[in-house]
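**Student:** I'd like to ask some things about the structure below.
The values are calculated or read from the model by the stated rules, or taken from the named source; none is laboratory data. Just so we're clear, the structure is a prediction, and the values are computed from it rather than from any experiment. All Cβ positions, even for glycine, are placed from backbone atoms using ideal geometry, and neighbour counts span all protein chains on display.
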Amino acid sequence: MSDEGQAVVAAVEAVAERLEAERSYLTELDSAIGDADHGGNMARGWNAAAEEVAGLNDPDPATVVKTTGKTLMSEVGGASGPLYGGSLVFASAEFEDGITAESAVAFAETYLEKVQDRGDAKVGDKTMVDALVPAVHTFKKSVETDDLPPVEALAKAVAAAKRGVDFTVPIRASKGRASYLGWRSVGHQDPGATSTLYIMEELLSVAQEQLGVEEPAVDAASPTVPDGEEATED
Amino acid sequence: MSDEGQAVVAAVEAVAERLEAERSYLTELDSAIGDADHGGNMARGWNAAAEEVAGLNDPDPATVVKTTGKTLMSEVGGASGPLYGGSLVFASAEFEDGITAESAVAFAETYLEKVQDRGDAKVGDKTMVDALVPAVHTFKKSVETDDLPPVEALAKAVAAAKRGVDFTVPIRASKGRASYLGWRSVGHQDPGATSTLYIMEELLSVAQEQLGVEEPAVDAASPTVPDGEEATED
Amino acid sequence: MVGLVVVSHSRKAAEGIAEVATEMGGDTRIEPVGGDGQGGIGTVPDDIEDALSAVDNGDGVVVLVDLGSAVMNADVAIEMSDADAVIADAPVLEGAVNAAVAATSPKATRDSVREQAEAARDIDKL
Amino acid sequence: MVGLVVVSHSRKAAEGIAEVATEMGGDTRIEPVGGDGQGGIGTVPDDIEDALSAVDNGDGVVVLVDLGSAVMNADVAIEMSDADAVIADAPVLEGAVNAAVAATSPKATRDSVREQAEAARDIDKL
Ligand SMILES: Nc1ncnc2c1ncn2[C@@H]1O[C@H](COP(=O)(O)OP(=O)(O)O)[C@@H](O)[C@H]1O
Ligand SMILES: Nc1ncnc2c1ncn2[C@@H]1O[C@H](COP(=O)(O)OP(=O)(O)O)[C@@H](O)[C@H]1O
Ligand SMILES: [Mg+2]
Ligand SMILES: [Mg+2]
Ligand SMILES: [Mg+2]
Ligand SMILES: [Mg+2]
C-alpha cells in the first residue's frame, strides 16, 4: 500500500513539474479561445497538490488521489478545478483496494464519467473529453480485450489521447468558454485536452519507471515498486 | 417674461418644500412596493433644482423648467429621474413663448407624452401615469372645451390626479420595480403617482397666489403677476 | 425563509449583484461569493459551500451563477453542503432580483423562488 | 471596433461584470458605469453619456443595462450623446460576455454585437 501511495505521490510531482514547464504554452492555447489562464490554473493547482501530498504520512493511493483532487478543487478557480479535481476525488475510491490493472480501468472509467456528468460535454465539443474518451476506451480495451500489460495499455491510451487533442483543432467548440467564440474557435487546439494529454504522459513515464518498461507481462496487481529514490521520499 | 420666470422659480421652491415635508411618507410608500428611496430621490432632486433655479439670472420660464429637469436628471438616481427630469426638459420648449392657457395645455400634453415614451407605461400599470393621464385630460378639456380659467382648470386637474392616485391602490403593478411583486403589489399606493399629485397641488397653490384665486376670467396670456415677495426674490 | 447565493467569477460582480437584489428584497438573506480566492477571476467550491451555510436556515437555498465553471463549482459545493440547495437556470443579476423579491413572499418555497429566478429570462427590458 | 457600456444600479456590479466580460473579450473596450453618484444605488444619465464617449471610436456602442430605470437613463444618455449607441435587450452580465466576444470578430458591427448580446437570453446554464 505504502509503496503504491509513494508511486502516486511521485506521479503527482512529475505532473506538477511538467505542467509548470508547459504553463506558458497552455496559457497561450487558452488565450486563443478562452481567458488565458489554463497554464496558471494547472501549474498552480498541481504544484499545490504536490506539496499537499508530499506532506501526507504514509498514504495509500486513494488518499493521494483524493487529496490531489481536493487541492485542485480549492486552488483552481476555473472550469478545470471541478473537472479535474472533482473527478479525481470521486474516482479515487476505485483505488481503495490498491492499484491493479482492473482498478486502474475502473478509475479511468469513473473519472471520465464524472467529467462528463459535471461538464455535460460529449465527444466533439472541443474539450478535455475529446482526449479522455479515446484514452479511456483504448486503455480499457487494451487491458480487458487485448490483455496488454498495464504500462503498454497506458502507452496506447496516451497515443489515443494525442489523437484526441489533434482532433480538437479543426472543430467548433460547444462547451466551455471557447463555445462563446462559435466558428472562430475552429483551428485552435483545446487547452484542457492538451493538459489531459500532458498528465497522461507523465503518468506513463512514472509507471514505466515504477513498473519497469521492459517487463512485458508485469502483474499490476502486485506491483514491483523498487525501493528507489522516487518511491521512498515523502 | 421675467415675472413668469420668477413665478416658476417660486413654484419649484414650493414643490421642493412640499416634497421635503413628504419625504418620509413617499419613502414609506416606496418601501412597500419598491426600494424605499422615492422620498429621498424626490426631496434631493427638487431641493437641488430649487437651488439651481434660484441662481439663474432673470430666467424665462422655459429655462427654469429646463434647468429643473436637468437637475432632476443628474440628481435622482432612479426611475423618477428620467421620467420627471427628462420630460420636464423636453416639455420646457412649450413655454418658450411664455406661459399661456394654451401653452400650459401643450406643456402638459408634451410632458405626459414623454413620460409614456420613456417609461412605456399605460394607464393601469400602477405608475405616475395613472395620476398624469386623468390630470392632463381634465386640464385640457377644462381649458379647451369648458373654457374654464387656467387656475380653475388646474384645480380640476388636481382633483383628477387625486382620483388617479387612489386608483393605483387596488391594482397590480405592471411597470417599474413594483411589477416585480406581481399580485403582492395590490393594495398599495404608487409612490410616483403620489408625488405627481403633490407637485400638482403645489403648482396649483402657487398659481392661485400668482394669478389670484378670486379673479374668475383672468387671462393667462397676459398674467397679472403682482410684484409680490415670491415673485421678486431671485 | 429561502436563502440566496450569488456566484460570479468576479467577487465584485457578486457583491454588486447582491446589492441590487437586496434593494428589492429587503429581508432576504443574500450571500455573494466569487473570485479565485487570490484576488483574481474564478470560483472556489469551498467558498460557495461557506456561502450556502451562511444563508441556510432550513428552508432551502437558491443559487444564481454566471458562467460555466461557476455552475460546476456550485454543483460541487451543493454536493458537499448540508443545505437543500438548487441552482437556478437564470441570468445571474436579473434572476437574483426576481428571487430576492420572490423569497419575501410568505408562501415562498425553494422551488417557487427558483422558478421566479428562471422567469427572469423572459424579462423584456425595452 | 464596437464599444460596450455596462450600466448597473450598483457601480460595483457594473465593474465586476466588466471584469468578467473583459476576460473573454480581451481587446474590447468595455466601460462600467453605475451608482447614483453619491455612493448609493442608481444610475445617472450624465455618467452614462461619459461612458459612451469613453468607448466610442466611431464604430458604434452597445449598452447593457440591468433594471428599468437604467434603461430609461441609458435612453436619455444616448439621446444626448454623439455616439451611435443602442441598448441590448439582454441579461446584463451574460449579454456583456457575449457582446465582448462578438466585438472581437473582424466582421463585428454594432448590430451584430447587439444580436449576440441578446442571444444570451437563450443560454442554458444547466
Ligand atoms: N463543460 C465542460 N466539459 C468538459 N471540459 C470543459 C468544460 N468546460 C471547459 N472544459 C475544459 O476546461 C478547459 C479550460 O480550463 P480553464 O482555462 O482552467 O478554465 P476556465 O475556462 O474556467 O478559465 C477547456 O479547454 C476545456 O477542455
Ligand atoms: N416605466 C415607468 N413608467 C412610468 N412611471 C414609472 C415607471 N417605472 C417607475 N415609475 C414610477 O416611478 C416611481 C418610483 O420612482 P423611484 O422610487 O424614484 O425610482 P426607482 O423605482 O428607480 O427606485 C414609481 O412609483 C412609478 O410611479
Ligand atoms: Mg481558462
Ligand atoms: Mg478562467
Ligand atoms: Mg424607488
Ligand atoms: Mg431606486
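**Student:** Name the single residue that is nearest to the other protein chains (Cβ to nearest Cβ) among those in the range C:106-116 being crowded, with 18+ Cβ neighbours inside 10 Å and closer than 19 Å to residue B:178 by Cα.
**Tutor:** C:116
**Student:** Go through (1) surrounded by fewer than 20 Cβ atoms within 10 Å (Cβ to Cβ); (2) in contact (Cβ under 8 Å) with a residue 60 or more places away in the chain one by one and return the number of the condition residue A:135 breaks.
**Tutor:** All conditions pass for residue A:135, except number (1).
**Student:** Exactly one condition in (1) touching an Asp or Glu at 6+ places or on another chain (Cβ under 8 Å); (2) modelled with pLDDT of 95 or more; (3) not basic (Lys, Arg) is not met by residue A:199; state its number.
**Tutor:** Status for residue A:199: all satisfied but (1).
**Student:** To continue, here is another question. Just to be sure I understand the filter: pairs with C-beta atoms under 6 Å, separated by 6 or more residues or on different chains, first member in the range B:108-122 and over 10 Å from residue B:132 (Cα atoms), second member part of a loop (DSSP other than H, G, I, E, B). Which pairs pass?
**Tutor:** Qualifying pairs under 6 Å: B:121/B:127; B:121/B:175.
**Student:** OK, next. Among (1) within 11 Å of chain C (Cβ to nearest Cβ); (2) out of contact with any helix residue (DSSP H, G or I) (no Cβ under 6 Å at 6 or more places or on another chain); (3) assigned to a helix (DSSP H, G or I), there is one condition residue D:126 misses while meeting the rest; what is its number?
**Tutor:** With (1) within 11 Å of chain C (Cβ to nearest Cβ); (2) out of contact with any helix residue (DSSP H, G or I) (no Cβ under 6 Å at 6 or more places or on another chain); (3) assigned to a helix (DSSP H, G or I) applied to residue D:126, the lone miss is (3).
**Student:** Turning to a different aspect of this structure: Which of the residues that make up the range C:73-94 are free of Cβ contacts under 8 Å to residues at least 60 places away in the same chain, farther than 13 Å from residue D:124 by Cα and at the interface with another protein chain (Cβ under 8 Å from one of its Cβ atoms)?
**Tutor:** Passing the criteria: C:75, C:76, C:94.
**Student:** Then there's this: Report yes if residue B:54 is modelled with pLDDT of 95 or more, within 22 Å of residue B:4 (Cα to Cα) and over 13 Å from the mean Cα position of the chain (by Cα), otherwise no.
**Tutor:** Numbers: modelled with pLDDT of 95 or more: yes; within 22 Å of residue B:4 (Cα to Cα): yes; over 13 Å from the mean Cα position of the chain (by Cα): yes.
Taking the combined requirement at face value, the residue satisfies it.
**Student:** So which pairs qualify, if the first residue must be in the range D:55-72 and more than 14 Å from chain B (Cβ to nearest Cβ), the second must be within 16 Å of ligand 3 (Cβ to nearest atom), the Cβ gap must be under 9 Å, and the two must be at least 6 apart or on different chains?
**Tutor:** Short answer, once both residue conditions are applied: D:64/D:21.
**Student:** Wholly within the range D:1-92, which strands (runs of 3 or more DSSP E) include no fewer than the required count, namely at least 3 residues that are touching a Ser or Thr at 6+ places or on another chain (Cβ under 9 Å) and modelled with pLDDT of 95 or more? Reasoning before the result, please.
**Tutor:** Values: elements: D:3-8, D:30-34, D:61-65, D:85-87.
In the range D:1-92, the matching strands (runs of 3 or more DSSP E) lie at D:3-8, D:30-34, D:61-65.
**Student:** Which residue is surrounded by the fewest Cβ atoms within 10 Å (Cβ to Cβ), if the candidates are limited to the range B:31-71 and must be within 14 Å of ligand 6 (Cβ to nearest atom) and not small (Gly, Ala, Ser)?
**Tutor:** Filtering the range B:31-71 for residues that are within 14 Å of ligand 6 (Cβ to nearest atom) and not small (Gly, Ala, Ser), the one surrounded by the fewest Cβ atoms within 10 Å (Cβ to Cβ) comes out as B:44.
**Student:** Go through (1) away from chain A (no Cβ under 14 Å); (2) surrounded by 24 or more Cβ atoms within 10 Å (Cβ to Cβ) for residue C:19 and report which single condition fails.
**Tutor:** Answer for residue C:19: the failing condition is (2).
**Student:** With respect to the numbered conditions (1) away from chain B (no Cβ under 12 Å); (2) at negative phi; (3) not basic (Lys, Arg), which one is the sole condition not fulfilled by residue D:7?
**Tutor:** Here residue D:7 meets the rest and fails (1).
**Student:** Would you pick out the residues in the range A:150-185 that are crowded, with 18+ Cβ neighbours inside 10 Å and within 14 Å of another protein chain (Cβ to nearest Cβ)?
**Tutor:** A:173, A:175, A:176, A:177, A:178, A:179, A:180, A:181, A:184, A:185 - these are the residues of the range A:150-185 that are crowded, with 18+ Cβ neighbours inside 10 Å and within 14 Å of another protein chain (Cβ to nearest Cβ).
**Student:** Could you identify the single residue in A:130, A:117 that is within 11 Å of ligand 1 (Cβ to nearest atom) and surrounded by fewer than 24 Cβ atoms within 10 Å (Cβ to Cβ)?
**Tutor:** On the way: A:130 fails: surrounded by fewer than 24 Cβ atoms within 10 Å (Cβ to Cβ).
Checking each option against the conditions leaves just A:117.
**Student:** From (1) at pLDDT below 95; (2) in contact with a helix residue (DSSP H, G or I) (Cβ under 6 Å, 6 or more places away or on another chain); (3) under 26 Å from residue A:69 (Cβ atoms); (4) not in a helix (DSSP H, G or I), pick out the condition that doesn't hold for residue A:122.
**Tutor:** Failing condition for residue A:122: (2).
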